[in-house]
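These notes are about the structure you will find just below.
Coordinate-derived values only; no laboratory data. Note that the coordinates shown come from a computational prediction; the quantities given were computed from them, not determined experimentally. Positions of Cβ are generated from backbone atoms using ideal geometry, with glycine treated the same way; all protein chains shown enter the neighbour counts.
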Amino acid sequence: MTETTDTAGMKAFHDAVGDWAAGGPEEPARELAGRLRVRGAVLLEGLSDVAAVEALAGRRGRDLAAEGVCVVCMGGAMNVGRYARLLGAPGLGLRLTGLCDEHERRYYDRALEPRRDAVLVCVADLEDEFIRALGVDRVEALVRDAGEWHPWQTFARQPAQQDKSAHRRLRRFLGTKAGRKIRYGRLLTEAACDAGCVPAPLEELFAHL
């Protein structure tokens with residue numbers, strides 16, 4: 001599929017912001033923000049959250065790039081202060097939306113402007129939200145359909161997992177590999193859309209955009 005001009009431009013903006021956050025020049029990000037009419041940014045900890053947001057946007061028929069919204073992978077929750085300074089005030093002045101885990105909320109609350117921006121909070125993390133929304137049986141079926149039933153069963157039988165609930169074991173399994181977490185960010189979102197039970201933090205995030 002050929003990328004749209006909006007998508008390619010927003011990727012260029014995202015990369016320019018990353019360079020700026022790493023100590024590079026401000027001008028490329030500022031020039032692209034003006035040319036693309038970027039109005040907002042979603043600040044996410046990692047790529048699995050990005051996968052979930054992009055999957056939900058696709059299912060809802062929303063082109064966030066065309067809407068002037070950049071989905072930003074910050075590479076960790078503790079980077080939110082730096083990105084908020086660059087993208088919000090006193091930087092580019094964009095409207096910011098953050099999605100975080102409960103134990104990271106303090107970083108987001110300090111960084112974002114409460115009168116203008118929004119912080120949406122997952123109880124433990126986004127995987128936990130999906131497991132509670134879909135139920136363990138449905139997520140296990142998803143794991144089976146994804147061809148990972150044997151790895152899941154091997155993991156669940158490990159001695160360190162025996163005193164944990166099926167919910168906690170499943171959540172831990174989904175986060176054991178970066179690639180797995182990203183893959184299930186998309187698969188869990190699609191399953192939740194099909195079942196009509198998208199977790200509240202994601203629903204609220206899209207309502208804010």
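Tell me which trypsin sites (Lys or Arg not before Pro) from the range 99-136 have a DSSP coil assignment and no more than 11 other beta carbons within 10 Å of their own.
Values: sites: Arg105, Arg106, Arg110, Arg115, Arg116, Arg132; in loops: Arg115, Arg116.
Sites meeting the loop and neighbour criteria: Arg115.
Candidate cross-link partners of Lys164 among the lysines, defined by an alpha-carbon separation under 21 Å and a same-chain spacing of 8 or more, comprise Lys177, Lys181. Amide H contacts of Leu120 (H built 1.01 Å from N, in plane; Pro and chain starts excluded): Gly98, Leu99, Cys100 sit under 5 Å, all sequence-distant by 5 or more or on other chains. Go ahead and set up a Gaussian network model of the chain, Cα springs under 10 Å, then flag whichever of Pro159, Pro25, Pro90 fluctuates most. Evaluated over the chain, the most mobile residue of the options is Pro159. With θ taken as phi - 60° and the Karplus curve 6.51 cos²θ - 1.76 cosθ + 1.60 applied, the whole-hertz 3J(HN,Hα) list for the range 29-42 is 5, 5, 5, 5, 4, x, 5, 8, 6, 5, 10, x, 9, 9 Hz, x standing for glycine and proline. Summing charges over neighbours of Arg132, with a neighbour being any other residue whose Cβ is under 13 Å away from its Cβ, gives -2 when K and R count +1 and D and E count -1.
With a cut-off of 12 Å between beta carbons, the residues surrounding Lys177 carry a summed charge of +3, where Lys and Arg count +1 and Asp and Glu -1.
Shown in residue order for the range 150-157 are the 3J(HN,Hα) couplings computed by the Karplus curve 6.51 cos²θ - 1.76 cosθ + 1.60 at θ = phi - 60°: 5, x, 5, 5, 4, 5, 5, 8 Hz (x for Gly and Pro). Hydrodynamic analysis of the range 1-105 uses the Kirkwood radius over alpha carbon pairs. Inserted into Stokes-Einstein at 37 °C and 0.692 mPa s, it gives a translational diffusion coefficient of 236 µm²/s.
Where the eigenvalues come from the Cα gyration tensor of the range 44-160, what are the semi-axes √(5λ) of the equivalent ellipsoid, largest first, in whole Å? Intermediate results must be reported in sequence, preceding the final value.
Working: eigenvalues 203, 62, 28 Å².
Taking √(5λ) for each Cα gyration eigenvalue gives 32, 18, 12 Å.
The equivalent ellipsoid of the chain has semi-axes of 32, 18, 15 Å, largest first, where each one is the square root of 5 times an eigenvalue of the Cα gyration tensor.
Neighbours of Pro25 by Cβ distance under 14 Å: Lys/Arg scored +1, Asp/Glu scored -1, total -4.
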